[in-house]
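One structure below.
The values are calculated or read from the model by the stated rules, or taken from the named source; none is laboratory data. For clarity, every value in this text was computed on a predicted model and none was experimentally measured. For neighbour counting, all protein chains shown are included, and Cβ atoms are generated from backbone atoms with ideal geometry for every residue, glycine included. Surface areas here come from the heavy atoms of the whole protein model, side chains and all, with no ligands, DNA or RNA. Shrake-Rupley method; radii C 1.70, N 1.55, O 1.52, S 1.80 Å.
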Amino acid sequence: MFDFSGTVFRIEPCADWLRGALDAVGVQASEDEIAYWAGRLERSGAQPGGATPAGWQPDPAADWQRRDLSAELHRRAYTAQSRTSGLPWDIHDVLYDRHMAPAAWRPYPDAAEVLKALRARGVAVAVVSNIGWDLRPVFAAHGLADLVDAFVLSFEVGRQKPDPAIFLAACEELGVPPQETLMVGDDRRADGGAAAVGCAVHFVEHLPADSRPDGLRGVLDLLG
C-alpha cells in the first residue's frame, strides 16, 4: 500500500502553482510578485500536498482535522488557508482547482520503476490516501493507473488515516491480510497507523520530487 502525496507524487513548487492559477484567469504578475506571494501561501499552509511550515496553525474555522472526509470540507479548509495569506487576487478557488490538475503533480523519479517491478513480481498494490478529491486521473495522466489494483480514498470510504478502518478496507480490496501487507508513506502519524492492524510500515521523506530520486527503491529491497 502506498500513500499518494509526498510518497508516489509531489505537488509542483508553490510558485508554479500560483503562476498556473494566475495564467488560468489571465492575470499578469512579475516574478518578484509571484515569489513573494508564493512564500505567503507556503507559510499559510494553503497548498495541498506542500510542505507544512514550522509553527503553522490552520484556520480554526476550516474544520481542518476532518478535511479529508468530504470534497466540500477539503475545498473549504484549503481555500480558508489561502485567504489567510492576504493574496491581492481573488483566485482561491482557482488555486484549489489547479492543485487537482494532473499537470500540477510530479511522480517521484523512481515511482514508475518501483510500481512496474512490483507488478512484474505479482505484488498487489493499493494507493491509500487522505484526500478530498479523485486522484485516479493523476495516475492515469502519468501512465501509472494500470500499475495500481485499488484506490482507497478517505473521502470515498468516510475514514481517514490513521483510522485502522481505512487500512483494513485497502487490505480487503487487495485480498491480502494485513500481516502480509506493507504500508509505504511519508507521515509517521497517518501512515504509521497501519501498524495497529498488523501491517509492516516503511517511511520515505516528504521532499520535492527532484530532491528524492530513489526513495521508493527501498521497498524492493524489503521484498528481497
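If you go through segment 96-132 and keep only what is among the hydrophobic types (A, V, I, L, M, F, W, C) and closer than 20 Å to L18 by Cα, you end up with M100, A101, A103, A104, W105. Taken as a whole, the structure places P107 among residues that are open to solvent by less than 70 Å² (accessible area, probe 1.4 Å), within 30 Å of A165 (Cα to Cα) and modelled with pLDDT of 95 or more. Applying the condition of being touching a residue at least 24 places away in the same chain (Cβ under 8 Å) and assigned to a loop (DSSP other than H, G, I, E, B) to segment 110-122 and asking which residue is least open to solvent (accessible area, probe 1.4 Å) yields D110.
Name the residues in segment 130-145 that are part of a helix (DSSP H, G or I) and in contact (Cβ under 8 Å) with a residue 12 or more places away in the chain, would you?
Hits for segment 130-145 are R136, P137, V138, F139, A140, A141.
Take V125 and decide whether it is open to solvent by less than 50 Å² (accessible area, probe 1.4 Å) and either over 15 Å from the mean Cα position of the chain (by Cα) or modelled with pLDDT under 95 (or both).
The answer is yes for V125.
Applying the set (1) outside any loop (DSSP other than H, G, I, E, B); (2) open to solvent by less than 40 Å² (accessible area, probe 1.4 Å) to K161 leaves exactly one unmet item: (1). Does segment 202-215 contain any residue that is farther than 28 Å from E12 by Cα and either buried (at least 18 other Cβ atoms within 10 Å of the Cβ) or more than 18 Å from the chain's Cα centre (by Cα) (or both)? Among the residues of segment 202-215, not one is farther than 28 Å from E12 by Cα and either buried (at least 18 other Cβ atoms within 10 Å of the Cβ) or more than 18 Å from the chain's Cα centre (by Cα) (or both), which makes the answer no. Here L222 meets the list (1) open to solvent by less than 50 Å² (accessible area, probe 1.4 Å); (2) under 21 Å from A111 (Cβ atoms) almost entirely, failing just condition (1).
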